[in-house]
Amino acid sequence: MTIRKIYALSLILSILSIFTSKFYAQAPAEVVKYTISGKVIDNELEVPLEYATISVQNVEDPSVVTGSVTDINGNFSVEVKEGTYNIIVEFISYETKEFNNRLIDKDVNLGTIKLGLGSENLDEVVVRAETTQVDVRLDKKIYNIGKDLTTAGGTVSDALNNVPSISVDIEGGISLRGNENVRILINGKPSAMAGFGSTDVLGQLPAEAIERVEVITSPSARYDAEGTAGIINIILRKKETLGFNGSLTLNGGYPANAGVNANLNYRTDAFNIFTTTGYRYRESPGSAFFDTRYFNPRVDTFLDSLNYDRNVEDRDYDRFNRGFNTNIGMEYYLNDQSSITGAIFYRFGDDEDQTSNVNDYFLNGSPLLGTTRLENETEEDNSWQFSLNYVNRFDDKGHELTADFQVESDKENQEAFIREPVNYNNSEIADISIPRERTRTTEDQSEYLIQADYVRPIGEDSQFEAGYRGNFENEITDYTLLQESTNGNFVLNRNQTNVFDYTENVHAWYTQYGTKFGDFSFLFGLRAEHTQLKGDIDSELTQEELREEFNFDITTNFDNKYFGLFPTVNVIYEIGEQENITIGYNRRINRPRGWYINPFPSRSSRNNVFQGNPNLQPAYSNSFDIGYLKRWEKFTLTSSVYYQRETNSFQRVQEEINIQVVNPNFPETSDDETISQTVTRSIPFNLATNDRMGGELGFLYNPADWLRLNGSFNYFRFKLDGEFNGDDLSTDNTSWFARFSSKVTLPLKIDWQTNAFYRGPSDEIQGTQDGILSIDLAFSKEILNDNATIAVNVSDILNGRRRSSFTSTEFFEQESEFQWRQGQAVNLSFIYRFNQKKQRQQRRDGGNEDYDEGEF
């Protein structure tokens, strides 16, 4: 019987014993009972531990179990018949005290029982602590998200940006050690919560939903081979405490930002019901600036055949995001060894973006004219997911079988209306009416997942695992472009309108074996994956017309299949109790997905488009990682060096091409339905070998009870070797990023936290990118007898979270600046917790519980 089952059963039996004792008190033969009592407190803080569990088991008949839980003052009382008992006192994340073979033939007071913090229970139940804590395993680092004030009222993306090794750029893109080819999992599986491979959804889910984040830079064979950088596995919160408990979070701020989120849990001995539900409204003003200088003058047909050699774009974005999300589930305990969990996730998004793009055109330094391009875009997004999980634990030593089934669907409807009515700066040019445009995009995505995992311990120090995962995805993108003619009617642009049907099926089998010899622990694994990528392009253009339109060979229907083997090796060497070295090797794959292979361009402006490439092939990588960990009394150091070689890497390049657009004068003054327009295209190609190498250093330092410090530094170098259209795009670049966080406890129970992040400048394949600095501040105070927290945080106080870059090609050079969310943001949060145990601070000896070297 597991510990948590004893908790629940003992509580119920205790209640039943009270009723039965009253019933039998009326019987002629009264049963004599004795009382076991005592008080449970924290060993160091010497404060009562409420809800500590006392289990009392009869030695002669182990099936007879009773018990109780402590009250608010730490006191408990249990009635039992005369006999010999084992008495167990437990509290989550604390050491267990046992009083074995105690003869109870009279009332017994165990006195004050002091429990100290312990790490043995952290694998089963994770307690949220004051600061982010780290568990080091053979194949991953587990960051238990602490009481991070700067993300109060924030999103999952905000929380990830404070995790070592992870960085989130200004557009929400997530990278691991500076590499964007990272796989995002939710609870160990691909999920609609992660946006079907896109990270946009993570910017809408509340940070309070996260229990911990697993950073897996050397994934074992158990995990997907997808993602050459590694895997980020987000574990959502699910309470294990008996009874009804939870928390409610309210937040609001400027720019306009409001939300409400509830985490609720109800647990009995038979089932556990849990939910995270929330609604948020957010306004995100942003800006962008592009100064493009062309080496040869260009002609814009729509601007009265304007001849210019410089274009300056100044954009302002106003984004309005409204979203509701809920995750409701229930775990039902079939017996002491097995359970089944079902959960439903639903998300609804109703967004609107308004973009104003002011364009100024120059020739030889003289201004010609300017226009203002206005775009209004609306998007509705409905996502749902149903998951079913079965667990059968054959014993308490880790022998178990798990099975998962998951089905999910996402539908997005997006419409955009574009007009460019205003022009100025040159009175010699007659008033120009640039044709309006309408775009409609519908995306239907579905995914099915079937998975089974089997774990069998062998002896005391070895373990065997095997499993299968089938992942089946389909995405249909229906894109329509309508452009205005002179008579005011919207005409279909047949060159740009299409339906793209994309399917990805992956069958994976794996096996791995872990063992320990002396101070060495090993984990060997092999994963086999069979992948099928299918695409069907439904267009009015023939394949020859598509080739001419897009300026490269294109296959309208493709069915690519390939098989890969992905070995993994992970080793830990225990130098001492507080010191170890880890070594890892793995082979990974990066499959082209979604918009990277859709050949029909998206139009961010009349002059700039992004286009996918259906000819992209997967990239493969081999990675090596060596880590070192050392703990002192108040200081903990982690470090690693790594090397990765990726072949057939796909990179985005920019070039000038001509595309066909609707002739605004058709049919009034022209026989041509379409005309040619020169645009700058960004498109990915398999063109390089990418060598990445680097090192990272992290520390946790708690010099005093009132001060906690942590930081990390990541330095990396990547070397690209490749060419495009005869141009050598090879580059050798170094960059780095660092983060630092301090938390100070002020008088009156006020906490003050400062987070700083800096990403160094870097060289890109067609230019350079400047460094980015971001500093966040936050304050919080516990109120209502520590049952509630009020927090205020200010993000990006220096307004430095903007990307500035320089791009140079054979056709043009461009200076640009982009800021996804403009200016400082202020957020106020109120968090109320009910029926939850007060969170304990970590040890005052400097945090020796920050690391747990699990074997597997």
The range 373-507: relative contact order from alpha carbon pairs under 8 Å, six or more residues apart, as a whole percent, is 21 percent
For the range 307-320, in residue order, the Karplus 3J(HN,Hα) values (coefficients 6.51, -1.76, 1.60; θ = phi - 60°; whole Hz; Gly and Pro = x) are 9, 9, 10, 8, 10, 10, 10, 10, 9, 10, 10, 10, 10, 10
With DSSP loop assignment and no more than 16 other C-beta atoms within 10 Å, the chymotrypsin sites (Phe, Trp or Tyr not before Pro) in the range 700-736 are Trp706
Distance in Å, no decimals, from the C-alpha centre of the range 91-116 to the one of the range 352-416 is 54 Å
Given backbone amide H placed at 1.01 Å from N, residues whose amide H is under 5 Å from that of Arg212, ignoring those fewer than 5 places away on the same chain, are Ile145, Ile235
Inter-part gap, Cα centre of the range 796-818 to Cα centre of the range 251-266, in whole angstrom, is 34 Å
Computed ³J(HN,Hα) along the range 99-109: with the Karplus parameters 6.51/-1.76/1.60, θ = phi - 60°, integer Hz and x for glycine or proline, the list is 10, 8, 6, 8, 7, 10, 10, 6, 4, 10, 10
Those chymotrypsin sites (Phe, Trp or Tyr not before Pro) from the range 289-346 that are DSSP loop and have at most 16 other Cβ neighbours within 10 Å turn out to be none
Taking Cα pairs closer than 8 Å and at least 6 residues apart, the relative contact order of the range 213-364 in percent is 18 percent
The range 247-834: relative contact order from alpha carbon pairs under 8 Å, six or more residues apart, as a whole percent, is 10 percent
The range 685-701 and the range 753-788 have their Cα centres apart by a whole-number Å value of 21 Å
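Quick note: the coordinates plus some simple rules give every number you see, no bench work behind them. Since this is a predicted model, take the numbers as computed values, not measurements. Positions of Cβ are backbone-derived with ideal geometry, glycine not excepted, and every protein chain shown enters the neighbour counts.
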